[in-house]
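Structure record follows, encoded as structure tokens.
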Amino acid sequence: MTRSAPREVLRTAYQKSVAAYWNNEKDPVNLRLGDVDGLYHHHYGIGEVDLSVLDGPAETRDERIIAEMHRLETAQAEVLLDHLGDVRPGDRLLDAGCGRGGTSIMANARFGCQVDGVSISEQQVAFANEQAARRGVADQVRYHFTNMLDTGFETGAFRGIWNNESTMYVDLFDLFAEHSRQLAFGGRYVTITGCYNDVTGGRSKAVAQIDQHYTCNIHARSQYFRAMTANNLVPISVVDLTAQTIPYWELRAKSSVATGIEGPFLTAYREGSFHYLLIAADRI
């Protein structure tokens, strides 16, 4: 994938603080789960939990929980990829805010196409490129230290673009303007994201705790649709995944990799102040 001349990646104090957070992050909730099969994600899980993992020998209980959590987060990525539509081997995809790159590798394995990932974390980019090399797909899956608000990729170059739990770090109007520029006409954009519920008002206490924990800025649900409409992205599918993600969080709270943020997530979901949505939109 050709890119234009290098751009300044970190342009604001906030972007520098986010990059520093992820450059220094070595959280077992991400790394130990990825160690299960070498797919390293930075998102949460969905689906029914196999509660049998809580039974059996105590000395292997946590190992079973970790494997089940990883299965659920991989299932989440599969659902996102399901909504990208008809992707062919000759197409190109963009993973915006790629983390350690797991979903990009899954997309390449499923579709056989070129995938580019971008992140403002140099550590994440280096880690992800190493994983692609280990899997023998470095010629097809590439990760770049660049800002997803101004990537330098060509206009209309991509058949599909996604954000998997990364939109809360940027202005949505700026993000969707760049995605709209990069998508070919008729291309598909998909995001899975947490957003606060406009109906219940502003950010609840639990949502504010999530913001603080991840150094992010969770957007209102309505803001996604306003920003998409302003940038020629027309939603074709909206799926509320909230009920499907609660079991993951309940299981995570019982694991050795719990971080303390499980309580605020469960509170926010259960009180209705926070939603976990998948939004798919076409570029018109």
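At pLDDT 95 or above, open to solvent by less than 50 Å² (accessible area, probe 1.4 Å), more than 27 Å from residue 45 (Cβ to Cβ) and assigned to a strand (DSSP E or B): is that true of residue 177 in this structure? For residue 177, the condition - at pLDDT 95 or above, open to solvent by less than 50 Å² (accessible area, probe 1.4 Å), more than 27 Å from residue 45 (Cβ to Cβ) and assigned to a strand (DSSP E or B) - is not met.
Which of the helices (runs of 4 or more DSSP H) contained wholly in region 1-93 include at least 2 residues that are modelled with pLDDT of 95 or more and open to solvent by 80 Å² or more (accessible area, probe 1.4 Å)?
On the way: elements: 13-24, 28-34, 61-82.
Output list reads 13-24, 61-82.
Only residues that are over 11 Å from residue 45 (Cα atoms), crowded, with 18+ Cβ neighbours inside 10 Å and touching a strand residue (DSSP E or B) at 6+ places or on another chain (Cβ under 8 Å) were counted in region 240-274, giving 5. Evaluated against (1) free of Cβ contacts under 8 Å to residues at least 40 places away in the same chain; (2) farther than 16 Å from residue 25 by Cβ; (3) open to solvent by less than 60 Å² (accessible area, probe 1.4 Å); (4) not in a loop (DSSP other than H, G, I, E, B), residue 159 falls short on exactly one condition, (1).
Conditions tested, residue by residue: (1) part of a helix (DSSP H, G or I); (2) in contact with a Leu (Cβ under 6 Å, 6 or more places away or on another chain); (3) more than 27 Å from residue 68 (Cβ to Cβ).
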residue	(1), (2), (3)
184	no, no, yes
199	yes, no, yes
213	yes, no, no
225	yes, no, yes
238	no, no, yes
246	yes, no, no
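Looking for something more than 24 Å from residue 45 (Cα to Cα) and part of a strand (DSSP E or B) - is there at least one such residue anywhere in region 119-134? The answer is no, given that none of the residues of region 119-134 is more than 24 Å from residue 45 (Cα to Cα) and part of a strand (DSSP E or B). Go through region 227-236 and count every residue that is assigned to a helix (DSSP H, G or I) and surrounded by fewer than 14 Cβ atoms within 10 Å (Cβ to Cβ). Residues meeting the conditions: 1. Within region 114-156, the set of residues being over 21 Å from residue 26 (Cβ atoms), without any contact (Cβ under 8 Å) to a residue 12 or more places away in the chain and not aliphatic (A, V, I, L, M) comprises 136, 139. Within region 135-156, the set of residues being among the β-branched types (Val, Ile, Thr) and part of a strand (DSSP E or B) comprises 141 only.
The values are calculated or read from the model by the stated rules, or taken from the named source; none is laboratory data. Here the structure is a predicted model, which means the values were calculated and not measured. Ideal geometry is used to build each Cβ from the backbone, glycine not excepted, and the neighbour counts take in all protein chains shown. Note: areas computed on protein heavy atoms with side chains; ligands, DNA, RNA excluded. Shrake-Rupley method; radii C 1.70, N 1.55, O 1.52, S 1.80 Å.
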